[in-house]
1. Can you list residue pairs whose Cβ atoms sit under 7 Å apart, with the first residue in the stretch 102-128 being over 17 Å from residue 448 (Cβ atoms) and the second being acidic (Asp, Glu) and buried (at least 17 other Cβ atoms within 10 Å of the Cβ)? Count only pairs 6 or more apart in sequence or on different chains.
2. Would you check which residues across the stretch 78-100 are open to solvent by 10 Å² or more (accessible area, probe 1.4 Å) and in a helix (DSSP H, G or I) and list them?
3. Out of 461, 414, which single residue is assigned to a helix (DSSP H, G or I) and within 26 Å of residue 102 (Cα to Cα)?
4. For the stretch 114-127, name all the residues that are closer than 18 Å to residue 246 by Cβ and crowded, with 18+ Cβ neighbours inside 10 Å.
5. Does the stretch 365-418 hold any residues that are under 16 Å from the mean Cα position of the chain (by Cα), at pLDDT below 85 and open to solvent by 10 Å² or more (accessible area, probe 1.4 Å), and which are they?
6. Among the residues of the stretch 203-240, write down those that are under 13 Å from residue 291 (Cα atoms) and among the basic types (Lys, Arg).
7. Check off (1) touching a residue at least 24 places away in the same chain (Cβ under 8 Å); (2) within 15 Å of residue 57 (Cα to Cα) for residue 229 and give me the number that stays unchecked.
8. Any residue that is buried (at least 17 other Cβ atoms within 10 Å of the Cβ), within 21 Å of the chain's Cα centre (by Cα) and in contact (Cβ under 8 Å) with a residue 24 or more places away in the chain - is there at least one of those in the stretch 341-361?
Amino acid sequence: MGEGDDPQSPLLESVSSHSASEEAPLKRTGTQWTAVAHIITGVIGAGVLSLAWSTAQLGWVLGPICILIFAAITVVSTFLLCDCYKYPDPEHGTIRNRSYMQAVKLYLGEKQQWICTVFATESLYGCGIAYTITAAASVRAILKSNCYHREGHDAPCVYGDSVYMLLFGLVQIVMSQIPDFHNMAWLSVVAAVMSFSYSSIGLGLGLAKVIENGTIKGTITGVSASSILDKLLLAFEALGDIAFAYPYSIIVFEIQDTLKSPPPENQTMKKASMYAIVITTAFYLCCGCFGYAAFGDSTPGNLLTGFGFYEPYWLVDLANACIVLHLVGGYQIFSQPVFAMGERWFTYKFPNSGFVNNYYSCKLPLLPELQLNLFRLVFRTVYVVSTTALAVLFPYFNSVLGVLGALNFWPLGIYLPVEMYFKQKKIRKWSREWIFYRSFSMFCLLITIVGFIGSVGELVIDELS
């Protein structure tokens with residue numbers, strides 16, 4: 001695609017496998033069900049494992065209600081974004097927004113785009129950190145589960161996290177050489193199957209524990225705390241954790257850009273989003289509620305690695321193995337937009353650089369021929385190494401998830417989608433629709449503020465202790 005073929009800046013073109021001047025017209029073959037797989041892979045990840053703990057902090061009334069509220073918020077914000085993929089018309093527009101940042105620049109201008117870029121990059125980068133922490137915790141849980149089975153539940157089975165974070169990082173260095181989203185349908189399907197597997201196992205183990213206990217644990221107000229301030233901080237952190245578990249606004253355009261048409265991409269994406277959110281919400285409610293019902297005030301921060309479950313040990317091992325395999329794919333789903341953005345920028349700034357633009361054929365035994373780009377190899381390797389290093393420095397599962405969820409929930413998931421929708425539909429100020437979406441945005445801003453306060457407070461306490 002040459003520069004003259006697209007009315008937008010080359011900075012925003014999707015150039016991840018070849019230089020802009022050599023890129024062939026993109027063939028979109030995605031369907032509603034591949035989109036569902038991409039969404040589930042991106043949404044059901046580290047967040048689902050903290051929902052039992054979040055429900056425990058909020059109690060039997062607010063816990064499930066908050067999960068449903070976040071599901072509804074995600075549906076609304078995603079539908080707004082689906083209509084902004086094409087410009088100026090949602091179905092027949094001639095300009096495609098192939099990334100979130102590209103859409104923000106088109107609708108809201110370059111200044112808002114740079115603000116968005118900071119939050120978007122931080123959000124995607126943060127997911128890589130969270131997924132590294134979670135994957136290492138699951139590997140450690142497998143080792144501890146086998147140790148407890150051999151030595152007894154009171155055995156001192158102690159394993160560190162750092163080595164397993166480094167191993168996960170090495171795997172991601174290899175996986176990150178997948179060129180882009182259009183080459184990842186198989187990975188998303190595998191990862192989605194893994195997410196169903198471990199969510200189902202967690203749900204089943206929670207239900208079995210409830211039956212074994214013969215009672216439903218928990219209270220209306222949730223886990224008690226030593227003071228009102230501590231209770232508020234924990235409740236606010238729980239909101240941040242739920243916020244992390246849901247929104248996927250930052251990858252909506254990349255997924256929608258894989259869809260074939262007809263039917264119009266926005267219609268297909270809305271259906272896929274609705275199916276995916278219904279499925280994930282059902283899992284979230286079951287995992288959150290059964291986990292809390294099984295353990296009450298003792299609900300662990302991570303349902304499958306906090307060792308509320310000891311037996312059957314092989315099933316706990318299987319669930320954690322599924323988590324690791326899923327997070328391998330989930331890490332890539334959230335990293336590919338960062339890779340594409342960075343590579344587009346360097347291609348635009350250094351069009352004559354062989355290091356940035358040249359591709360070399362590489363044939364390995366038993367594998368198809370690979371197209372190797374030296375810049376892509378170095379850039380993506382440095383990215384993975386940095387996320388791994390930060391995960392090693394801050395291995396606090398619930399607090400990290402809460403900070404990331406709260407920090408990005410409103411600006412990326414609510415504010416910018418609402419503003420872009422206003423521009424797309426030319427919504428008049430003080431009309432009913434304008435008032436509704438403004439009120440919706442302010443409500444979500446309040447959630448972000450309290451979630452961020454609670455999560456940062458707990459992160460500081462964890463680090464000091």
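The values are calculated or read from the model by the stated rules, or taken from the named source; none is laboratory data. What you are looking at is a predicted structure, and each value in this text was computed from that prediction instead of being measured. Cβ coordinates were reconstructed from backbone atoms using ideal geometry, including for glycine residues, and neighbour counts include every protein chain displayed. When the accessible area is computed, the model is the full protein with side chains, heavy atoms only, and any ligands, DNA or RNA have been set aside. Shrake-Rupley method; radii C 1.70, N 1.55, O 1.52, S 1.80 Å.
1. 108/419
2. Selection gives 79 alone.
3. Testing whether each residue is assigned to a helix (DSSP H, G or I) and within 26 Å of residue 102 (Cα to Cα) leaves just 414.
4. Across the stretch 114-127, the qualifying residues are 119, 120, 123, 124, 126, 127.
5. 397, 398, 400, 403, 404, 407, 408
6. Once the filter is applied, which keeps residues that are under 13 Å from residue 291 (Cα atoms) and among the basic types (Lys, Arg), the stretch 203-240 yields 209, 217.
7. (1)
8. yes
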